[in-house]
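The values are calculated or read from the model by the stated rules, or taken from the named source; none is laboratory data. All values reported here derive from a predicted model rather than from experimental measurement. As a convention, Cβ positions derive from the backbone with ideal geometry for all residues, glycine included, and neighbour counts pool all protein chains shown. Just so you know, the surface numbers come from the protein's heavy atoms only, side chains and all, with ligands and any DNA or RNA stripped out. Shrake-Rupley method; radii C 1.70, N 1.55, O 1.52, S 1.80 Å.
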Amino acid sequence: MSLGQKIGRLRQERGLTLQEVSEGSGLTPSFLSRLERDKVNISVANLRKLAQFFSVQMTHFFEGEDSQQVGQVLTPADRVRLSLDDAPVQVFSLLPPNSEVEARLIEARPGSGQQGFSNRGSQMVMVLDGELHFSLGDEEYDLRQGDTLFYRDDVAHSWVNSGDQTASVLTISVIGGRDDR
């Protein structure tokens, strides 16, 4: 199934019109219609808008049909890149789509970083190599190789590679999972 067909099927499964998806994603109805018919290509930024609107991981759009296997191996070649090829922060999905857990490998050039606020669940960040300066609300953390930070993802956060080499970071998010603890 093509990317456009998957987007169209998701829209129809949710009982949404092209106009409703347009209003929620900021993409025009005509573009969405052409996309569902595989008449146009979509940029990573616009695909991210659709993933956010539908509340799915971007990898959802690249998954294969359901498999009967119990386990699944993803090799480095199988990883879905969630960032632009030339971006200073490279993000790769490490798990199959539609999991309750989201795992990503992030490779950040010195001085590069990200900020966020998602209210999606809990987040774990582990520095595999390099250094990060992490801001979590009013708190500041300097993380080095082997350090792990865990937090609820409902607070504004940002980080920057504060070292002089590329930083490799593993992030694991529990999607939803906002039970009362």
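With the crude spin-label approximation of a point 7 Å out along Cα→Cβ, what separation in nm comes out for PHE31 versus VAL174?
It works out to 3.7 nm between the two label points.
Can you give the FRET efficiency to the nearest 0.05 for VAL73 and ASP142, using r as the Cβ-Cβ distance and R₀ = 25 Å?
0.10
For segment 96-174, state which trypsin sites (Lys or Arg not before Pro) are in a DSSP loop and have at most 13 other beta carbons lying within 10 Å of their beta carbon.
Passing both the DSSP loop test and the Cβ count: no residue.
Rank-order 11-21, 122-132 by packing density, defined as the average count of other C-beta atoms within 10 Å over each peptide's residues, highest first.
122-132, 11-21
FRET efficiency for ASP86 and GLN165, Cβ-Cβ distance as r, R0 = 22 Å, nearest 0.05?
Efficiency, from the Cβ-Cβ distance: 0.70.
Based on Cα coordinates alone, diagonalise the gyration tensor for the chain, multiply each eigenvalue by 5, take square roots, and list the semi-axes in whole Å, largest first.
31, 18, 17
Send over a whole-number figure in Å² for the accessible area per residue of the chain, probe 1.4 Å.
Value returned for the chain: 58 Å² of accessible area per residue.
Pulled fully out, how much extra length does the chain show between GLN115 and PHE62, if you take 0.36 nm times their separation in residues and subtract their Cα-Cα distance?
Gain on stretching GLN115 to PHE62: 16.6 nm.
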